[in-house]
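Colleague: Submitted below is the structure of interest, expressed as structure tokens.
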Amino acid sequence: MAMVDEPLYPIAVLIDELKNEEIPLRLNSIRKLSTIARALGEERTRKELIPFLSENNDDEDEVLLAMAEELGVFIPYVGGVDHAHVLLPPLETLSTVEETCVRDKAVESLCRIGAQMKEKDIVDYFIPVVKRLASGEWFTARVSSCGLFHIAYPSATDPLKTELRTIYGQLCQDDMPMVRRAAASNLGKFAATVEQSHLKIEIISIFDDLTQDDQDSVRLLAVEGCAALGKLLEPQDCVAHILPVIVNFSQDKSWRVRYMVANQLYELCEAVGPEPTRTDLVPAYVRLLRDNEAEVRIAAAGKVTKFCRILSPQLAIQHILPCVKELSSDSSQHVRSALASVIMGMAPVLGKDATIEQLLPIFLSLLKDEFPDVRLNIISKLDQVNQVIGIDLLSQSLLPAIVELAEDRHWRVRLAIIEYIPLLASQLGVGFFDDKLGALCMQWLEDKVFSIREAAANNLKRLAEEFGPEWAMQHIIPQVLEKINNPHYLYRMTILLAISLLAPVMGAEITCQKLLPVVINSSKDRVPNIKFNVAKVLQSLVPILDQAVVEKTLKPCLVELSEDPDVDVRYYANQALQACDQIMMSS
């Protein structure tokens, strides 16, 4: 090995590893390209490494993907932007491989390099790559070329621009649907670089062809083009060219195209403006909300609040609300779930009276839905309704349903209710909370599911913060401490957790008088899990309590636990003792 010429060594190892039969070695070699390039220097990287990579015909997609990714950030290693063009040949080769993710990464890297190249180099080196790919024999090359036009076009000369527009038009009419799909999905990016005069004539003509394609996979990508092109055109051109296409697409024979329209409708409305939205797109949206395919209804239902924001309350009540009522009892649980996740946002749009008359009955029916996700989505957005109708009405109409859900058989629903309680408490006030919800909060501490018990303990802490230590001392602490005698050790552990969370809120005096004796008492428990949790709780109490209390009460208890027969109890007790000593030393 000593005989090997030192500068040649890295490239020799690379070549050996790149030709190795084992994929991990080849992959490792590719991942280290930047290190090898630094060792070789810029000139040798350009003259030896890059040509070698261009000729490398590895058939393993994982290796090719790594190479495409590495080359995208390789400009500094070949001598900067002036020499960026040397990276194009290997990436051009990678843009023609069969594996989609490799091609996509190669196109991404080409775009990254092209964006940094000088205008002259784009004309001399980048545009020829685009043209070669666009005329490639295999469809893979033509697919890749579609993603490069928006980088090449701005730097091109006028004759070249004309040629590029013509080539793109040909790609949009390619025999292979995959190529037309790529052209349709990249049309928005390409159109954004084209001059306004050509946009109206040539690009709109290309777009019209794509919207009438016989493949639904091409048409659904043209839907995205509607929104992108709409933002580039003048309002009157948008209404003339884009609006009829959207309306036709909303009645397309393929449900996937209608689904895309439903999904993109808000962006399409923004593109065409408020007036055409009211006259032409409201009927289209109503059709989508009543579509016979559940997937289309799901997409349309998810956009109902956004769409109503564009309309006046009268229009929303007149046209959209009847559909919302139908959707709230839709046969598909997923449609009802999509509606439940956004319907609360309609309250501020429709105003107080319409919310009380029209929306509240829908909320109540969704709160009683048999599918837990529907109930969950309603609960998590209740505050939006409260802002509109006020807490009195909310508590009268929705609170009975909330109390019912607090005992829901699905634990995730119970969890959502618990997480909503502090917000509800702050809105309802102390008096109302004590009457209706206080007992529930205690009940959750003995739930069968740990996540519920944990959330219930956190909930008590947040309530103590909201209503203050005096209220907590009266309404929370006595009931919590009572439960420490529960025969089941898991529930006793929950109480210890609640004590550790409440102590910082309650302060040193109450902790010392009320909470600490209960914890010390639990150190005599027969279950080791309780004892090591006692050690953890005592450790958390050290910063809150006075040094005298720590020395007199806390440490003796921990010393006793550190001699326990159980290894875990001893471990946590020693951890707590160390923490005690550190806090004492620092103070």
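Colleague: Which of His241, Val143, Cys111 sits closest to the plus end of the dipole of the chain, meaning its Cα is farthest towards the positive end, when Lys and Arg get +1 and Asp and Glu get -1 on the C-beta?
Modeller: His241
Colleague: Still on this structure: Report the convex hull volume per residue for segment 23-86, counting only C-alpha atoms, in Å³.
Modeller: 73 Å³
Colleague: Dipole of the chain (Lys/Arg Cβ +1, Asp/Glu Cβ -1, origin at the Cα centre): which of Leu49, Met344, Ala576 lies farthest to the positive side?
Modeller: Met344
Colleague: I need to check one value: relative contact order of the chain, counting alpha carbon pairs closer than 8 Å and at least 6 residues apart, in percent.
Modeller: Values: 718 pairs, mean separation 29.0, N = 587.
Value for the chain: 5 percent.
Colleague: On a 0 to 90 degree scale, rounded to 10, what angle separates helix 567-586 from the longest Cα axis of the chain?
Modeller: 90 degrees
Colleague: In what sequence, highest mean first, do 456-465, 21-30, 36-45 appear when ranked by Cβ atoms within 10 angstrom?
Modeller: Packing order, densest peptide first, comes out as 456-465, 36-45, 21-30.
Colleague: Further question on the same structure: With +1 on each Lys and Arg Cβ and -1 on each Asp and Glu Cβ, and nothing else charged, work out how big the dipole of the chain is about its Cα centre, in Debye to the nearest 20.
Modeller: Dipole about the Cα centre, nearest 20: 1480 debye.
Colleague: Give the residue from Ser197, Phe207, Gln251 lying farthest towards the positive end of the charge dipole for segment 188-309; charges sit on Cβ (+1 for Lys and Arg, -1 for Asp and Glu) and the dipole is referred to the Cα centre.
Modeller: Gln251
Colleague: I'd like the carbon and sulfur percentage of the solvent accessible area for the chain, probe radius 1.4 Å, heavy atoms only, ligands and nucleic acids excluded.
Modeller: Values: 13410 of 26630 Å².
Here carbon and sulfur together make up 50 percent of the probe-accessible area.
Colleague: Okay, next question. What FRET efficiency comes out for the pair Glu482/Glu509, r = Cβ-Cβ distance, R0 = 25 Å, nearest 0.05?
Modeller: The computed FRET efficiency comes out at 0.75.
Colleague: Roughly how many Å is it from the Cα centre of segment 295-319 to that of segment 164-189, as a whole number?
Modeller: 34 Å
Colleague: May I ask you to derive the relative contact order of segment 63-180, considering only C-alpha pairs under 8 Å and at least 6 residues apart, and to give it as an integer percent?
Modeller: That works out to 23 percent.
Colleague: Now a separate question. Determine the per residue accessible area of the chain with all protein chains present and a 1.4 angstrom probe, expressed in square angstrom.
Modeller: Value for the chain: 45 Å² per residue.
Colleague: Ordered by residue, what ³J(HN,Hα) values in Hz, to whole numbers, does segment 93-110 give under the Karplus form 6.51 cos²θ - 1.76 cosθ + 1.60, where θ = phi - 60° and Gly and Pro are x?
Modeller: 4, 5, 6, 10, 6, 6, 5, 4, 5, 5, 4, 4, 5, 5, 5, 4, 5, 4
Colleague: Further question: Subtract the Cα-Cα distance of Glu43 and Lys118 from 0.36 nm times their separation in residues, and report this length gain in nm to one decimal.
Modeller: 25.0 nm
Colleague: Take Arg526, project a point 7 Å from its Cα along the Cβ direction, then tell me which residues of segment 543-583 have their backbone nitrogen under 12 Å from it.
Modeller: Within reach of a label on Arg526, which here means backbone N under 12 Å from a point 7 Å along Cα→Cβ, segment 543-583 contributes nothing.
Colleague: Which of rounded, prolate or oblate describes segment 50-132 when judged by the alpha-carbon gyration tensor and an a/c cut-off of 1.5? Can you show the working numbers first?
Modeller: Numbers: a/c = 1.87, a/b = 1.55, b/c = 1.21.
It is prolate, given that a/c is not under 1.5 and a/b is the larger ratio.
Colleague: Going by a ≥ b ≥ c, the root eigenvalues of the Cα gyration tensor, does segment 463-587 fall in the rounded group (a/c under 1.5), the prolate group (a/b larger than b/c) or the oblate group?
Modeller: oblate
Colleague: Here is a follow-up. Where does helix 489-506 land angle-wise versus the long Cα axis of the chain, in degrees 0 to 90, nearest 10?
Modeller: The answer is roughly 90 degrees.
Colleague: Suppose the chain between Arg256 and Ser329 were pulled fully straight at 0.36 nm per residue; how much longer would it get relative to their current alpha carbon spacing?
Modeller: The Arg256-Ser329 span can extend by a further 23.9 nm.
Colleague: For segment 297-360, what mean projected area does the convex hull of the alpha carbons give, in nm²?
Modeller: Details: hull surface 14.9 nm².
Approximately 3.7 nm², given one-decimal rounding.
Colleague: Between rounded, prolate and oblate, where does segment 186-275 land on the alpha carbon gyration tensor, with a ≥ b ≥ c its root eigenvalues, rounded for a/c under 1.5, else prolate if a/b exceeds b/c?
Modeller: oblate
Colleague: With only Lys, Arg, Asp and Glu charged, each at its Cβ (+1 for the first two, -1 for the last two), find how big the charge dipole of segment 240-379 is about the Cα centre; round to the nearest 20 debye.
Modeller: 20 debye
Colleague: Let me ask you something else. Using square roots of five times the C-alpha gyration tensor eigenvalues, list the equivalent-ellipsoid semi-axes of the chain in whole Å, biggest first.
Modeller: So the three semi-axes of the chain are 59, 43, 19 Å.
Colleague: With θ set to phi - 60°, apply the Karplus curve 6.51 cos²θ - 1.76 cosθ + 1.60 along segment 312-329 and write out the HN-Hα couplings as whole Hz, x wherever there is a Gly or Pro.
Modeller: 7, x, 4, 5, 4, 5, 5, 9, 8, 4, x, 5, 4, 4, 5, 5, 5, 10
Colleague: For a protection proxy built on the mean count of beta-carbon atoms within 10 angstrom, sort 259-270, 239-250 highest first, please.
Modeller: Highest-to-lowest ranking by the protection proxy: 259-270, 239-250.
Colleague: When the chain is fully extended, how far beyond the present Cα-Cα distance does Lys368 get from Met473, taking 0.36 nm per residue of separation?
Modeller: Full extension from Lys368 to Met473 adds 34.2 nm.
Colleague: In debye, nearest 20, what is the charge dipole magnitude of segment 34-156 about its Cα centre with +1 on Lys and Arg Cβ and -1 on Asp and Glu Cβ, if you could check?
Modeller: Details: 12 positive and 21 negative charges, 120 e Å.
The calculated dipole for segment 34-156 is roughly 580 debye.
Colleague: Right, another one. With r defined as the distance between the Cβ atoms of Asn292 and Lys231 and R0 fixed at 45 Å, what FRET efficiency is calculated, to the nearest 0.05?
Modeller: For R0 = 45 Å, the calculated efficiency reads 0.90.
Colleague: Using a Förster radius of 60 Å, what is the FRET efficiency between Asp581 and Thr166 based on their Cβ-Cβ separation? Nearest 0.05, please. Intermediate values should be presented prior to the final figure.
Modeller: Values: r = 80 Å, r/R0 = 1.34.
Efficiency computed from Cβ-Cβ geometry: 0.15.
The values are calculated or read from the model by the stated rules, or taken from the named source; none is laboratory data. Bear in mind the structure is a predicted one, so any value in this text is a computation, not a measurement. Neighbour counts run over all protein chains shown; Cβ positions are idealised from the backbone, glycine included. We work out accessible area using only protein heavy atoms, side chains counted, and drop any ligands, DNA or RNA first. Shrake-Rupley method; radii C 1.70, N 1.55, O 1.52, S 1.80 Å.
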